[in-house]
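These notes concern the structure reproduced below.
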Amino acid sequence: MSRPPFLTLPACARAYRLTTSRGEFAVHDARPASPPRGTVLLVPGFTGSKEDFIALLEPLAAAGYRAVAVDGRGQYESGGPREPGAYEQDELARDVRAQAAALGGGVHLLGHSLGGLIARAAVLGDAVPFRSLTVMSCGPAAIAAPQQARTRRLIGALEVLDMESVWQEMRRADAENAPALETPPELDAFLHRRWTATLSEQLIVTGRQLTVEPDRTAELAAVPLPKHVISGVLDYAWPVPSIDAMAKELSATRTVVEGAEHSPNAERPAATADALLRFWDLA
């Protein structure tokens, strides 16, 4: 679960609901002082939200980019139907394309973790709304076997328990596995609020997607968009060598953020923003 380093929006950003042809989505929208050099759409991962990108908003806007982080359908403040079919990958990919269209098209698309798989599907469905694709902390196919087992256990719990009960079970497991982990009270309250506001149907369906995702790297390599693959030095969800191999097959720009693991956007935001800006400036 990504943990944003802080929760206060910078002065350049505001929170609102973006109206699209696929409904409304909660966003954080950071804008530069002068006309933007480009627009960036930031798609969060499994159990995540727009807040996972909060530390990137100010540096991206300061460099001249409009940066829009979104809660996907069923995530945190966006809401969604209780119908599981609404969270199949093709549906979420259509949402991303609609968000890009609502922002005027020609956007630089970034997906983190599960968001990387959704962003890939969006581009494979229709690359026209996009100017480039960045996948962050995301591999070529299903997550690693240990994480598949963990995700299946979570899905099993979500199918029989309410969100609050699952949260309490996760808290107990975290206390046993990482007793030294300290979370500031305001962040802990946010993580709890985000978890209970996210729909279980969204987590169940997208969690299953993570365990069965096929390798579509060859398909993506054929799409004529500039591509960027970025990760930390370590990653619990996908082995970094598999991310390296994917980047090579894609002929993508490859960035490894020193000192970061699965969430460079939250763990090393300054270095991550610098790498993104270098890529977008040339894309």
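The values are calculated or read from the model by the stated rules, or taken from the named source; none is laboratory data. This structure is a prediction, so every number in the text was calculated from the model and none was measured. Glycine also receives a Cβ, built like all others from the backbone with ideal geometry; neighbour counts cover every protein chain displayed. Areas reflect the complete protein model, heavy atoms only, side chains present, ligands, DNA and RNA absent. Shrake-Rupley method; radii C 1.70, N 1.55, O 1.52, S 1.80 Å.
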Problem set entry | Rounded, prolate or oblate (a/c below 1.5 giving rounded, otherwise prolate when a/b exceeds b/c) for the stretch 68-107 by Cα gyration tensor | oblate
Exercise. Net charge near T253, counting Lys/Arg +1 and Asp/Glu -1 over other residues with Cβ under 10 Å of its Cβ?
Worked result: +3
Exercise. Using the alpha-carbon centroid of each, what span in Å lies between the stretch 205-236 and the stretch 246-283?
Worked result: 14
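Quick one: which of 27-33, 95-101 comes out on top by average Cβ neighbours within 10 Å, and what's the full order, highest first?
In descending order of packing, they fall as 95-101, 27-33.
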Exercise. When Lys and Arg each count +1 and Asp and Glu each count -1, what net charge do the other residues less than 13 Å away from G85, Cβ to Cβ, add up to?
Worked result: -1
For this session: Give, in nm to one decimal, the length gained when the segment between S34 and E258 is fully stretched (0.36 nm per residue of separation minus the Cα-Cα distance).
Result: 77.5 nm
For this session: Restrict the search to the stretch 179-233; then list the GluC sites (Glu not before Pro) that DSSP places in a loop and that have at most 13 other Cβ atoms within 10 Å of their Cβ.
Result: E182
Seminar exercise, completed: Once Y87, Y76, Y236 are ranked on solvent-accessible area with the largest value leading and a 1.4 Å probe, the list reads Y236, Y76, Y87
Exercise. Add -39500 (n - 2.57) for each DSSP H run of 4 or more in the chain, then divide by its residues: what number comes out at 222 nm, to the nearest 500 deg cm²/dmol?
Worked result: -13500 deg cm²/dmol
Seminar exercise, completed: Short to long, in 5 Å steps from zero, the percent of alpha-carbon pairs of the chain per bin is 1, 6, 13, 18, 20, 19, 13, 7, 2, 0, 0
Problem set entry | Amide H partners (placed H, <5 Å) of V257, local residues excluded | S231, G232, V233
Problem set entry | Estimated FRET transfer efficiency (E219, T183; beta-carbon r; R0 41 Å; 0.05) | 0.55
Seminar exercise, completed: Low-density loop GluC sites (Glu not before Pro), the stretch 252-283, at most 13 other Cβ within 10 Å, DSSP non-H/G/I/E/B, are E258
For this session: Express in Å², to the nearest 10, the accessible area of L114 obtained by rolling a 1.4 Å probe over the protein heavy atoms while all chains stay in place.
Result: 0
Exercise. Taking only the alpha-carbon positions of the stretch 162-283 and ignoring solvent, what does the Debye formula give for the base-10 log of I(q)/I(0) at q = 0.11, 0.14, 0.15, 0.19 Å⁻¹?
Worked result: -0.56, -0.87, -0.97, -1.22
